[in-house]
Amino acid sequence: MGSSEMQFIKEAFDTNWIAPLGPNVDGFEHDIEKYLNIKSSAALSSGTAALHLALILLGVGEGDFVICPSFTFSASANPIIYQKATPVFVDCELESWNMNPDQLEEAIQYCLRRNKKPKAIIVVHLYGMPANMDAILKIANDQGIPLIEDAAESLGSKYNGLHTGTFGTMGVLSFNGNKIITTSGGGALISDDAELIRKTKFLATQARDNAPHYQHSTIGYNYRLSNICAGIGRGQMELIDLRVETRRQNFQYYEKNIGEIDGVGFQPESAKSFSNRWLTAITIDPHMNTSPAKIRMVLEENNIESRPVWKPLHLQPIFKPYPAFLTGHSELIFNSGLCLPSGSSLTSSQLEQICTIVAKTCN
């Protein structure tokens, strides 16, 4: 937390703006739009809610195909199932650990052979690393398929100098407690299409018609962000650049101190990309006399939490029945990867301790 969050929260209490909507919600949306240089945004209860509404706005329904990366958190795919649609999973490339354009094209052709153009493509910027947007955008535009950017992990990241989340038809942000800035729980849907965001706000507030009584012609959702949580977000937005700088400094420390160990690798960053380095993830060569699991356990013995990288969705029990176009890359990274502590409040002595333990475990 910074120094301004409590001020905005106090204003909410002092003015009795406690429920969803209010000055902090309006202010938070304005802050998001200014920072990302976009026209419109809707502050919502979670990033998952934002992705769900994006699919609804694109008309995704039962039996439709939606293409999604396999190497991501399950929240990227769950809203597809909410809509009773079929996820079509695409493996990652080694260059960014994000959606592989070649497999994306294969997945589209699979759908077209079944006489169904995909209703949407969801691209994720994994761990804050921008995906190969040049190639993915070209494929989406050539095929006339709307692109949704899951930028839940990548606020502050850029591709070709532009913020992630701003390339597609709509972008999804998350302000969950573990993200680079937080509203404790929350998210946003962003777009340069103001009409889409108007519809988002309508659906997110129970789809109440413009009538003097409570009238509903559409199914709605209770997905708006509270004025209190938005106050936290306003204070956090003042610190976003500092948070990105800190996360990148964490990565640079790890790279300098364990990057020269033979067999230790990092998630790559292309010349076109600027990653917020939300999480620093390493890979361990399988021929080394250690493993990600061993390093994780030794860190845990020292009261230091680390985590495996995401388990690919095509390996998850709930998603196994669905089509997947694979390279083997995500399974390779899953078996060799580990996410190191990456929080903005890490001290230099803590980083030194982590690197010392990793180095000793690798020898």
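The values are calculated or read from the model by the stated rules, or taken from the named source; none is laboratory data. These numbers were taken from a predicted model, which means no experiment stands behind them. Please note: Cβ atoms are built from the backbone with ideal geometry, for glycine as well, and neighbour counts cover all protein chains shown.
The condition of being under 17 Å from Gly343 (Cα atoms) and not acidic (Asp, Glu) does not hold for Gln215.
Pairs meeting the criteria (first residue in the range 55-72 and without any contact (Cβ under 8 Å) to a residue 24 or more places away in the chain and in the same structural domain as Gly220 (by TED's automatic domain parsing), second residue outside any helix (DSSP H, G or I) and surrounded by fewer than 24 Cβ atoms within 10 Å (Cβ to Cβ), beta carbons under 6 Å, at least 6 apart or on different chains) are Glu62/Lys84. The residue pairs whose first member lies in the range 254-276 and is under 17 Å from Ser336 (Cα atoms), whose second member is of a type in the set (Ser, Thr, Tyr) and in a helix (DSSP H, G or I), and whose beta carbons are closer than 8 Å, counting only pairs six or more residues apart or on different chains, are Phe266/Tyr254; Gln267/Tyr127. The helices (runs of 4 or more DSSP H) found wholly in the range 10-95 and carrying at least 1 residues that are surrounded by 22 or more Cβ atoms within 10 Å (Cβ to Cβ) and of a type in the set (Gly, Ala, Ser) occupy 47-57.
Taking the range 128-158 as the range and being in contact with a helix residue (DSSP H, G or I) (Cβ under 6 Å, 6 or more places away or on another chain) and crowded, with 24+ Cβ neighbours inside 10 Å as the test, the residues that pass are Ile148, Asp150, Ala152, Glu153, Ser154, Gly156, Ser157. Out of Ile219, Ile304, one residue alone is of a type in the set (A, V, I, L, M, F, W, C) and not assigned by TED's automatic domain parsing to the domain that holds Ala188. It is Ile304.
Here are Leu346, Leu299: which of them is of a type in the set (A, V, I, L, M, F, W, C), in contact with an Asp or Glu (Cβ under 8 Å, 6 or more places away or on another chain) and in contact (Cβ under 8 Å) with a residue 12 or more places away in the chain?
Among Leu346, Leu299, only Leu299 is of a type in the set (A, V, I, L, M, F, W, C), in contact with an Asp or Glu (Cβ under 8 Å, 6 or more places away or on another chain) and in contact (Cβ under 8 Å) with a residue 12 or more places away in the chain.
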